[in-house]
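Participant: Let me give you the structure first, and then I'll get to my questions.
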Amino acid sequence: MTPADLVLTPRGLRFMGRMFPCTIGRGGLSVRKREGDGATPVGIHRIIGCLYRPDRLARPCDWAVPLGPRDLWSDDPEDEDYNLMVRAPYAASHERLCRADPLYDLILLTDWNWPRAVRGQGSAIFLHQWRRPGYPTEGCIAFDRGDLHWIAPRITHRSRVIVPPLA
């Protein structure tokens, strides 16, 4: 592990000497992640991108990419763009990235099942804002808004999210 790593523990996520409360997927942790199971995948995941809503917040880091109303994430295992960002109009099943709520105002993307997705092994494993403390996600790791905004500009090209099997 390096100081740039984000490590999931039973008490939260450890990063740069600090502990951040977080929530994980409603399906708990899984070594056999499947699309729709609600689980957070066990493993070592690189941070590969940062997306943000420029209509709601300032650019959080110099490598952040703005989101627009046509930006979506494909979650259809049968589609050729499975587990990739796509644009509306888009007929296959997808998740809208510009949401009415603030959950995706700032998203850190992980390399779970990316860039060559294995169909059905899960999509869109992000680090994002939580609904409220203790409320599970669909498989992502979620944080208090202020904590996520503290973490994002401190991510480096070496940052990894480490999810051990017994976190």
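The values are calculated or read from the model by the stated rules, or taken from the named source; none is laboratory data. Computed from a prediction, not measured in an experiment: that's the story for all the values here. Neighbour counts run over all protein chains shown; Cβ positions are idealised from the backbone, glycine included.
Participant: If only one of Gly28, Gly38 is within 17 Å of His128 (Cβ to Cβ) and out of contact with any His (no Cβ under 7 Å at 6 or more places or on another chain), which one is it?
Facilitator: Gly38
Participant: A further question on this structure: Which one is surrounded by the fewest Cβ atoms within 10 Å (Cβ to Cβ), of the residues in segment 152-167 that are in a loop (DSSP other than H, G, I, E, B) and either of a type in the set (Gly, Ala, Ser) or within 13 Å of the chain's Cα centre (by Cα) (or both)?
Facilitator: Among residues in segment 152-167 that are in a loop (DSSP other than H, G, I, E, B) and either of a type in the set (Gly, Ala, Ser) or within 13 Å of the chain's Cα centre (by Cα) (or both), the one surrounded by the fewest Cβ atoms within 10 Å (Cβ to Cβ) is Ala167.
Participant: Quick one: in segment 33-75, of everything that is over 14 Å from Ile125 (Cα atoms), out of contact with any strand residue (DSSP E or B) (no Cβ under 7 Å at 6 or more places or on another chain) and not hydrophobic (A, V, I, L, M, F, W, C), which residue is surrounded by the most Cβ atoms within 10 Å (Cβ to Cβ)?
Facilitator: Only one residue fits best here, namely Arg53.
Participant: Another question about this same structure. Give me the strands (runs of 3 or more DSSP E) completely within segment 7-81, filtered to those with at least 3 residues that are out of contact with any Phe, Trp or Tyr (no Cβ under 8 Å at 6 or more places or on another chain), modelled with pLDDT of 95 or more and over 20 Å from Ala100 (Cβ atoms), ordered by residue number.
Facilitator: Values: elements: 12-15, 18-20, 43-52, 71-74.
It comes to 43-52.
Participant: Follow-up question, since we're still on this one. Kindly evaluate Arg87 against the criterion of being closer than 18 Å to Thr137 by Cα, modelled with pLDDT of 95 or more and surrounded by fewer than 17 Cβ atoms within 10 Å (Cβ to Cβ).
Facilitator: No; evaluated as a whole, the condition is false for this residue.
Participant: When you scan segment 129-151, how many residues do you find that are out of contact with any Asp or Glu (no Cβ under 8 Å at 6 or more places or on another chain) and either assigned to a strand (DSSP E or B) or buried (at least 21 other Cβ atoms within 10 Å of the Cβ) (or both)?
Facilitator: 7
Participant: One residue is enough: does segment 99-114 have a residue meeting the conditions charged (D, E, K, R), modelled with pLDDT of 95 or more, over 28 Å from Arg11 (Cβ atoms) and assigned to a strand (DSSP E or B)? Steps first, please.
Facilitator: The initial filter retains those residues of segment 99-114 that are charged (D, E, K, R), namely 99, 101, 105, 111.
Those still in the list that are modelled with pLDDT of 95 or more too: 99, 101, 105, 111.
Then drop every residue that is not over 28 Å from Arg11 (Cβ atoms), which leaves 99.
Keeping just the survivors that are assigned to a strand (DSSP E or B) gives none.
The answer is no; no qualifying residue exists.
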